[in-house]
Amino acid sequence: MTDNSDKLDFALIRFLLTLVQTQSMQQTANLLNLSQSGASRKLAKASEIFGTELFIRSGFRMIPSAKMNELHPKLEVLLKQHESLFASTNAFKPASMNRIFNIATMDHGILAILGPAIGPLLREAPNIQINFIESKSTSWSQLRHGEVDILAYPYANIPSDCDSLPLYKCDYALIVRHGHPLEKRLQDHGTLTVEDVISYPRISITVNRHTENSDYELSPINALDNQRTAITLPYFLAAPMLLTDTDCTLQMPLVSAQMLSKMLPVSVLPTADMNKTQFEPRLVWHRSQGTDPSHQWLRAMIALHVRDFIKNQSDIVTNKV
């Protein structure tokens, strides 16, 4: 044993294993209820204990070093042995849970954020009930009073008594009907210009301000702000139905666009040269629910399955959080 061996505690082991899983300092800090500076201090302490860098920063990602990959299975064994000492016969079991969860989101959020997790949630906990609430009608006070368990949407300026978990980032794309003239334009020229797109009208989604803070923009592809609007709708998922017999275009996050293209006769057109914003959905909850085992399970299941879904879709290009 080295002189530093007595400095390694189980909280630090849990931190390192969580960082290996998330590859994100911010996400790890959120999951473990740490400040960003607290997470940085833990990483520095761990590097000092083992005498080498354990993670390599690559953009927003923290990539485990060769040393961390060597330590990973050993630390997992230590943590499991430690937790077994305090195992309780009353341990949380999703299969025996019987409760209602209220999740506030938009119809689009059900598709792009929560959809991949619903089946696994109901299989692991067949007696739960999930109520979806339109996020237009929610407020932070409802989250504080337990009337809403989770908000699922892009939110900015989250109150200090709430925590959040970013899920992924993706570009916005255009959806058009099969055979739309823009498809041939893209095929002939390899890219679409702003002038190409704005020569056709758009379907706009009229999104009221969600709670007190929302990052969603009416025209998230800023370069297309001047495109003429032919139709406005209050719901995302009704819009693609109206594309099939018109030359309208529709802006949607790439994840949702690709999912809809597998169900409807619509095509997804890239807008990489035009993008100014990205879609970054997140889960938001009040800190009073942070350590509730059922809430922790719910958030973990949603994050796990939506990320797995996106990772397994070869035609969806996203950025890790």
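Of the listed values (i) 20.2, 80; (ii) 22.4, 73; (iii) 24.7, 84, grab the one calculated as Rg and Dmax of the Cα atoms in Å from the structure here.
So the structure-derived entry is (ii).
How large a share of the accessible area of the chain, in percent, is made up of carbon and sulfur atoms when the probe is 1.4 Å and the other protein chains stay in place?
With neighbouring chains kept in place, the figure for the chain is 52 percent.
How far apart, in nm, are two points set 7 Å out from the Cα along the Cα-to-Cβ line at D161 and at Q36?
The answer from the label model is 2.4 nm.
Students sometimes get this wrong: rank S37, S261 by accessible area, probe 1.4 Å, all chains present, largest first.
These residues rank, largest area first, as S37, S261.
Compute the long axis of helix 66-84 from its Cα atoms, compare it with the longest principal axis of the Cα atoms of the chain, and write down the angle in degrees, 0 to 90, nearest 10.
70 degrees
From the Cα gyration tensor of the stretch 18-129, with a ≥ b ≥ c the square roots of its eigenvalues, which class applies: rounded if a/c is under 1.5, or else prolate if a/b is larger than b/c, or else oblate?
It is oblate, given that a/c is not under 1.5 and a/b is not larger than b/c.
To check you understand DSSP bridge types, tell me what percent of the beta bridges within the chain (both residues inside) are antiparallel, rounded to 5.
The answer is about 60 percent antiparallel.
What percent does the relative contact order of the chain come to when contacts are Cα pairs within less than 8 Å and at least six residues apart?
Value for the chain: 22 percent.
With the cut-off at 30 Å, tell me which of the pairs K7/K67; K45/K93; K80/K311 have Cα atoms farther apart than that. Write out the running numbers ahead of the final one.
Numbers: K7/K67 18 Å; K45/K93 35 Å; K80/K311 28 Å.
Pairs exceeding the cut-off: K45/K93.
I need the chymotrypsin sites (Phe, Trp or Tyr not before Pro) found in the stretch 31-133, filtered to DSSP loop residues with at most 16 other beta carbons within 10 Å of theirs.
Details: sites: F50, F55, F60, F86, F92, F101, F132; in loops: F60, F86, F92.
Qualifying residues, ordered by number: F60, F86, F92.
Taking the chain as the reference, fit the longest principal axis to its C-alpha atoms, fit the long axis of helix 293-311 to the helix C-alpha atoms, and give the angle between the two in degrees, 0 to 90, nearest 10.
Computed tilt is about 50 degrees.
R0 = 51 Å: FRET efficiency of N127 with Q187, Cβ-based, nearest 0.05?
On the way: r = 52 Å, r/R0 = 1.01.
So, using R0 = 51 Å, E works out to roughly 0.50.
What residue among G146, G38, G115 has the largest mean-square fluctuation in a Gaussian network model of the chain, using Cα springs under 10 Å?
G38
Of Q187, Q36, Q129, which is the most mobile in a GNM of the chain whose springs link Cα atoms less than 10 angstrom apart?
Q187
About its Cα centre, how strong a charge dipole does the chain have in debye, to the nearest 20, once Lys and Arg get +1 and Asp and Glu get -1 at the Cβ?
Its charge dipole is roughly 500 debye.
Among F309, N69, S288, pick out the residue whose Cα is farthest towards the positive end of the charge dipole of the chain, where Lys and Arg carry +1 and Asp and Glu carry -1 on C-beta, about the Cα centre.
Toward the positive end, the furthest listed residue is N69.
Compute the long axis of helix 115-124 from its Cα atoms, compare it with the longest principal axis of the Cα atoms of the chain, and write down the angle in degrees, 0 to 90, nearest 10.
Taking Cα atoms only, the helix is inclined about 40 degrees.
Mean-square fluctuation check for the chain, GNM, Cα pairs under 10 Å: which of K262, K80, K67 is largest?
Ranking K262, K80, K67 by mean-square fluctuation puts K80 first.
Quick one: if you stick a label point 7 Å off each Cα along the C-beta vector at Q21 and I56, how many nm between them?
Between Q21 and I56, the label points sit 2.5 nm apart.
With label points built 7 Å along Cα→Cβ from the Cα atoms of T229 and E134, find their separation and express it in nm.
Going from the T229 label point to the E134 one covers 1.7 nm.
With a 1.4 Å probe and every protein chain left in place, work out the accessible area per residue of the stretch 93-207 in Å², rounded to a whole number.
41 Å²
The values are calculated or read from the model by the stated rules, or taken from the named source; none is laboratory data. Since the structure is predicted, the reported quantities are computational estimates derived from the model, not experimental observations. Counting neighbours? That spans all protein chains shown, and the Cβs are built from the backbone with ideal geometry, glycine included. Surface accessibility is based on the protein's heavy atoms, side chains included, excluding ligands, DNA and RNA. Shrake-Rupley method; radii C 1.70, N 1.55, O 1.52, S 1.80 Å.
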